[in-house]
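Peer 1: The structure follows.
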Amino acid sequence: MIELAQARGELEGAREPVQKVSIVVSKGSLEGIYPGLIMANGARMEGIEADLFFTFFGLDAIRKDRQRRITVATVGNPGLHLPTLLGALPGMSWLATRMMARQMEKLDIPPIGEFIELIHDSGGGIYACQATVEMFGLTEEDFVPQLDGILTVGEFYERSAGAQIIFT
Amino acid sequence: MTGETSTESARTRIDRDAEGFLVDPSQWDRGLAEEIARECGIEELTPGHWQVIEFMRSRYLETGAAPSIRTLGKQSGVPVKELYRLFPKGPAKLAAKIGGIPKPRGCI
């Protein structure tokens, strides 16, 4: 009987709605960055708390000098179904990026800079990983104004108390 | 809320889906909007709320689709920060529910 009650309790626990998410963005390609942004914005739209934590090349999404130069990876990306040698041709990545950008605009998905601003204005947190910031020799000045802070891993976990952590 | 629910008002029976969205947008009126808002924890609809609700509703009736949060922020006249202050539990979803239109299905 106790076991049954426990099992029922676990089931009910599992059905509890998500209250908070912490999304780690670790890749710097267009297809590496967008999923995390869409999930963070989608969380806010449902009234779920959301933080974005950018690390390694994911930092490009919030770097002033790189945010507008993020492209689709046309080499080493089997999902594109493009022969590797073709993908390596000059201009290929630019072309694929432009095609995807046009498609996304049609679906009302904003460019990365505007998307970060939207998430920030929605109350989502925008954080950079301190280890990466130090590794790349960056300072706060290198980031877009929406940056809420540079966090150590420990501080990231602290902020993520009670959240689901999603690594992308 | 589970199953079909309906709100008995003085005028007609209002059909709503399992999540409380109106099934037929033509059954909506401002009094009903105030009732639904209270259910959603919004005690009073201010002019700011109405601006968003009316924009959502008219855009849906014109195009057959509810606008995205991006469009809402750019075109409703209420900026994104303010949208979330007015509707903390999700501006697009709540304004659709209060405005008597179906739940927005988009991801943005």
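Taken together, the values in this text are just the output of simple stated rules run on the coordinates, not laboratory data. Note that the coordinates shown come from a computational prediction; the quantities given were computed from them, not determined experimentally. Reconstructed Cβ throughout: ideal geometry from the backbone, glycine too, with neighbour counts over all protein chains shown.
Peer 1: Name the shape class, rounded, prolate or oblate, that the alpha-carbon gyration tensor gives for chain B, where a ≥ b ≥ c are the square roots of its eigenvalues, rounded holds for a/c under 1.5, and otherwise prolate holds if a/b is larger than b/c and oblate otherwise.
Peer 2: Cα axes put chain B in the prolate bin.
Peer 1: Given 0.36 nm per residue, what is the gain on full extension from A:L86 to A:R69 after removing their alpha carbon distance, in nm?
Peer 2: Computed gain between A:L86 and A:R69 is 4.0 nm.
Peer 1: Please list the non-local residues whose amide H lies under 5 Å from the amide H of A:I166, H modeled 1.01 Å from N, same-chain partners needing a gap of 5 or more.
Peer 2: Residues meeting the criterion, in which the H sits 1.01 Å from N, are A:S22, A:I23, A:V24.
Peer 1: State, as an integer percentage, the relative contact order of chain B based on alpha-carbon contacts under 8 Å between residues 6 or more apart.
Peer 2: Numbers: 138 pairs, mean separation 30.6, N = 108.
It rounds to 28 percent for chain B.
Peer 1: Relative contact order for the stretch A:44-168 using alpha-carbon pairs under 8 Å, separation at least 6, rounded to a whole percent?
Peer 2: Values: 117 pairs, mean separation 40.2, N = 125.
About 32 percent, as a whole number.
Peer 1: Okay, next question. So, with +1 on the Cβ of K and R and -1 on the Cβ of D and E, and no other charges, what is the size of the charge dipole of the protein assembly as shown about its Cα centre, to the nearest 20 debye?
Peer 2: Working: 30 positive and 37 negative charges, 184 e Å.
Using Cβ point charges on Lys, Arg, Asp and Glu, the protein assembly as shown gives about 880 debye.
Peer 1: Give me the angle, in degrees from 0 to 90, between the Cα long axis of helix A:2-15 and the longest principal axis of the Cα atoms of chain A, rounded to the nearest 10.
Peer 2: 30
Peer 1: Just rank B:E43, A:E140, B:E54, fewest to most, by other beta-carbon atoms within 10 angstrom.
Peer 2: Working: B:E43 7, A:E140 11, B:E54 15.
Sorted ascending by nearby Cβ count, the order is B:E43, A:E140, B:E54.
Peer 1: Considering the dipole of the stretch A:11-83 built from charges on the beta carbon (Lys and Arg +1, Asp and Glu -1) around the Cα centre, which of A:L82, A:G42, A:I23 is farthest to its positive end?
Peer 2: So the residue furthest toward the plus end is A:L82.
Peer 1: Please say if the protein assembly as shown is rounded, prolate or oblate, where rounded means a/c under 1.5 for a ≥ b ≥ c the square roots of the C-alpha gyration tensor eigenvalues, and otherwise the choice is prolate for a/b larger than b/c and oblate otherwise?
Peer 2: On the way: a/c = 1.97, a/b = 1.56, b/c = 1.26.
Because a/c hits 1.5 or more and a/b exceeds b/c, the protein assembly as shown counts as prolate.
Peer 1: Give me the net charge of B:A96's neighbourhood, meaning all other residues with Cβ under 9 Å from the Cβ of B:A96; Lys, Arg count +1, Asp, Glu -1. All intermediate terms of the calculation are to be shown ahead of the outcome.
Peer 2: Values: positive: B:R57, B:K93, B:K97, B:K103; negative: none.
Combined, the nearby Lys, Arg, Asp and Glu give +4.
Peer 1: Magnitude of the Cβ-charge dipole of the stretch B:37-82, K/R +1 and D/E -1, about the Cα centre, nearest 20 debye? Provide the component values of the computation, followed by the final result.
Peer 2: Numbers: 6 positive and 6 negative charges, 55 e Å.
That gives a dipole near 260 debye.
Peer 1: Next question, about the same structure. Would you calculate the convex hull of the Cα atoms in the stretch A:1-153 and tell me its volume per residue in Å³?
Peer 2: Values: hull volume 24.9 nm³, N = 153.
Taking only Cα atoms, the stretch A:1-153 has a hull volume of 163 Å³ per residue.
Peer 1: To continue, here is another question. If R₀ is 22 angstrom, what is the calculated FRET efficiency for the pair A:D148 and A:E105, using the beta carbon separation as r and rounding to 0.05? Show your work: numbers first, answer last.
Peer 2: Numbers: r = 27 Å, r/R0 = 1.24.
For R0 = 22 Å, the calculated efficiency reads 0.20.
Peer 1: Just to be sure I understand: of the beta bridges DSSP finds with both ends in the stretch A:20-168, what percent are antiparallel, rounded to 5?
Peer 2: Working: 1 of 18 bridges.
About 5 percent, rounded to the nearest 5.
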